[in-house]
């Protein structure tokens, strides 16, 4: 019987046709799948390339804007800081001048009190320690008044 299968030309033809049809269908499916896969990868790469390019560009632009804002803020803060440092120095100088002015006023007041309690020797010693060159206006007038009071006594 095995010999009969190979010798029957009609059944061999149909078996050959079925095999050929399956083989051709398989080749067509493989070719279609191959080109479909290439096309799919190409479309995917185009899409991902556009998406990543857009997102990188957008992120770069956003970071650039944020960087500009930070640079401007830093510049403004540095300017404010330098202005505050200058103001602080000016206030320190003014405070020193006021302290010196207050000290000399206290010395003049002390001399005035010494004159009032009739301790003229101590008042003269205190008056000699004062530097009248820094006095002006009413303070100089008061200094001259105290000097005259001591010279009269």
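Taken together, the values in this text are just the output of simple stated rules run on the coordinates, not laboratory data. The shown structure was predicted, so the numbers you read here are calculated from the model rather than taken from an experiment. Here the Cβ is made from the backbone with ideal geometry for all residues, glycine too, and neighbour counts use every protein chain on show.
Among residues that are touching a helix residue (DSSP H, G or I) at 6+ places or on another chain (Cβ under 9 Å) and assigned to a helix (DSSP H, G or I), residue 104 is included. For the stretch 102-130, the set of residues classified as free of Cβ contacts under 8 Å to residues at least 24 places away in the same chain and more than 20 Å from residue 152 (Cβ to Cβ) consists of 102, 103, 106, 107, 129, listed by residue number. Among the residues making up the stretch 95-120, a single one is under 48 Å from the mean Cα position of the chain (by Cα) and more than 21 Å from residue 140 (Cβ to Cβ): 95. Of all residues in the stretch 131-153, those that are assigned to a helix (DSSP H, G or I) and either over 53 Å from the mean Cα position of the chain (by Cα) or without any contact (Cβ under 8 Å) to a residue 12 or more places away in the chain (or both) total 16.
Going through (1) surrounded by 10 or more Cβ atoms within 10 Å (Cβ to Cβ); (2) not in a helix (DSSP H, G or I) one by one, residue 16 falls short only on (2). Here the condition is being surrounded by 10 or more Cβ atoms within 10 Å (Cβ to Cβ) and over 20 Å from residue 134 (Cα atoms); of 100, 67, it holds for 67 alone.
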